[in-house]
Amino acid sequence: MYVSTNGTIKLKVPEGSNGVVVKNLYLSCDPYMRNLMKKPITENDDMESIDNPIIGFGVAKVLDSGHPSFKKGDLVWGNTKWEEYSLITNSQFLFKIQHTNVPLSYYTGILGMPGLTAYVGFYEICSPKRGENVFISAASGAVGQLVGQFAKLLGCYVVGSAGSKEKVDLLKNKFKFDEAFNYKEESDLDATLKRYFPEGIDIYFENVGGKMLDAVLLNMRAHGRIAGCGMISQYNLDKPEGVHNLMHLIYKRVRMEGFVVTDYFNLYPKFLEFILPHIAEGKIVYVEDIAEGLESGPSALIGLFSGLNVGKQVVLVARE
Ligand code: NDP
């Protein structure tokens, strides 16, 4: 049982259940959460419902547990709810945090779901080779900043697009992309991509969809790969925009593959083994945008859709 500061009984693990009661510390703002507030696309989709707290990824401390894998005092990351304290009854995506010599908020980003997304999307879906030409959209965000750094580690030529000068500077100076541009200042994206990729694009890491995808299709090289990670430009539209240049997948023999990171959580231990030393040695860096207080959650989440976040958007609910 947990009793809050004003004395009201909040939550307890029901008798005989394997639920876990947690105090939420950090909550993750992720674009997919918008889609869970719309009509389901496939029959397997989870849905947010108006009467319940938003479900999302986060970092939390265990206060009480009926689950054999978690005990009081453990730090965990995974699915929780947008509230101060939660009873988690589905622990399919709940993981004990083993490494605490990094900021705990990293488990919403570089060491959490977006980090694994970047890893799987780049290494598993894009089949990258040394020296290839890589383009990333929404490149300064939670996922994009990591994809670009992974591609640089492999000796690729890396260009990113982002929506402000500040983000373009981050891409070039902090994440060491070869080039970056502000797509909002470009009137002809096809011409822009030709300027940065006169020989074409081998790998496109797709985060935005719409006009950018259409322009990229015109600039892919033969046997290029496109990882369909996300299409944020479409999430707020009632009717998605059409894509006009799909024939170029055929002309250029391009493989475009969508993926959903939850199918790859078995790779999480391998991913941690890879990423932790890179963080420790300063070879991979990570930028976060931390909004303070649960009450700042809604505006932080909505801000993703106009690019207000600079780096991974996190909400700090409480300190340990
Ligand atoms: P970000 O941290 O990159 O935040 C979203 C960014 O998208 C904004 O900062 C903004 O950057 C950009 N953006 C917003 N609206 C538009 C628009 N209309 N057109 C172009 N860009 C826009 O988010 P994440 O890194 O968390 O996610 C990136 C993508 O990856 C999303 O599409 C998301 O759905 C997807 N994703 C997919 C997963 C999977 O399993 N397939 C898992 C996790 C994420 P800017 O200022 O540069 O425009």
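The values are calculated or read from the model by the stated rules, or taken from the named source; none is laboratory data. If you're wondering where the values come from, they're calculated on a predicted model, not measured in any experiment. Neighbour counts are summed over all protein chains in view; Cβ atoms, including those assigned to glycine, are modelled from backbone coordinates with ideal geometry. Side chains included, ligands, DNA and RNA excluded: accessible areas come from the protein's heavy atoms. Shrake-Rupley method; radii C 1.70, N 1.55, O 1.52, S 1.80 Å.
A few remarks follow.
- Only listed residue being open to solvent by less than 10 Å² (accessible area, probe 1.4 Å) and under 19 Å from residue 316 (Cα atoms), chosen from 77, 82: 77
- Pairs, first open to solvent by less than 10 Å² (accessible area, probe 1.4 Å) in segment 157-170, second among the hydroxyl-bearing types (Ser, Thr, Tyr), C-beta under 6 Å, six or more apart: 159/196; 161/137; 161/183; 162/140
- Segment 292-305, residues that are in contact (Cβ under 8 Å) with a residue 40 or more places away in the chain and either open to solvent by 20 Å² or more (accessible area, probe 1.4 Å) or hydrophobic (A, V, I, L, M, F, W, C) (or both): 294, 300, 301, 304, 305
- For segment 107-138, residues that are in a helix (DSSP H, G or I) and touching a residue at least 60 places away in the same chain (Cβ under 8 Å) total 13.
- Restricting segment 268-291 to residues that are open to solvent by less than 30 Å² (accessible area, probe 1.4 Å) and not in a helix (DSSP H, G or I), the residue that is farthest from residue 54 (Cα to Cα): 284
- Scanning segment 142-152 turns up no residue that is open to solvent by less than 10 Å² (accessible area, probe 1.4 Å), assigned to a strand (DSSP E or B) and of a type outside the set (Asp, Glu).
- The set of residues in segment 153-171 that are more than 12 Å from the ligand (Cβ to nearest atom) and either within 26 Å of residue 27 (Cβ to Cβ) or not in a strand (DSSP E or B) (or both) comprises 153, 154, 155, 156, 169.
- All of 275, 302, 279, 290 fail the test of being within 28 Å of residue 82 (Cβ to Cβ), among the β-branched types (Val, Ile, Thr) and touching a Gly at 6+ places or on another chain (Cβ under 7 Å), apart from 275.
- Selection status of residue 212, closer than 17 Å to residue 160 by Cα and over 18 Å from the mean Cα position of the chain (by Cα): yes
- Taking the criterion of being assigned to a strand (DSSP E or B) and at positive phi, the only residue of segment 66-106 that qualifies is 78.
- Residues located in segment 220-259, provided they are surrounded by 12 or more Cβ atoms within 10 Å (Cβ to Cβ) and among the β-branched types (Val, Ile, Thr): 226, 232, 243, 254
- Taken over segment 86-121, the criterion of being open to solvent by less than 40 Å² (accessible area, probe 1.4 Å) and either of a type in the set (S, T, N, Q) or more than 16 Å from the ligand (Cβ to nearest atom) (or both) is satisfied by 86, 87, 88, 91, 94, 97, 102, 104, 105, 108, 117.
- For segment 38-49, the criterion of being assigned to a loop (DSSP other than H, G, I, E, B), hydrophobic (A, V, I, L, M, F, W, C) and modelled with pLDDT of 95 or more is met by none of the residues.
- Residue 188 vs. criteria farther than 24 Å from residue 124 by Cα, within 16 Å of the ligand (Cβ to nearest atom) and surrounded by fewer than 16 Cβ atoms within 10 Å (Cβ to Cβ): no
- Within segment 309-320, being more than 7 Å from the ligand (Cβ to nearest atom) and either in a strand (DSSP E or B) or among the hydrophobic types (A, V, I, L, M, F, W, C) (or both) holds for 310, 314, 315, 316, 317, 318.
- Condition met for residue 57 (farther than 16 Å from residue 318 by Cα, under 18 Å from the mean Cα position of the chain (by Cα) and modelled with pLDDT of 95 or more): no
- Residue list for segment 229-261, filter: in contact with a Lys or Arg (Cβ under 8 Å, 6 or more places away or on another chain) and over 21 Å from residue 201 (Cβ atoms): 235, 236
- Listed by first and then second residue, the pairs with beta-carbon distance under 9 Å, at least 6 apart or on different chains, first residue in segment 229-247 and free of Cβ contacts under 8 Å to residues at least 60 places away in the same chain, second of a type in the set (Val, Ile, Thr) and near the ligand (Cβ under 9 Å from one of its atoms), are 231/208; 233/208; 234/208.
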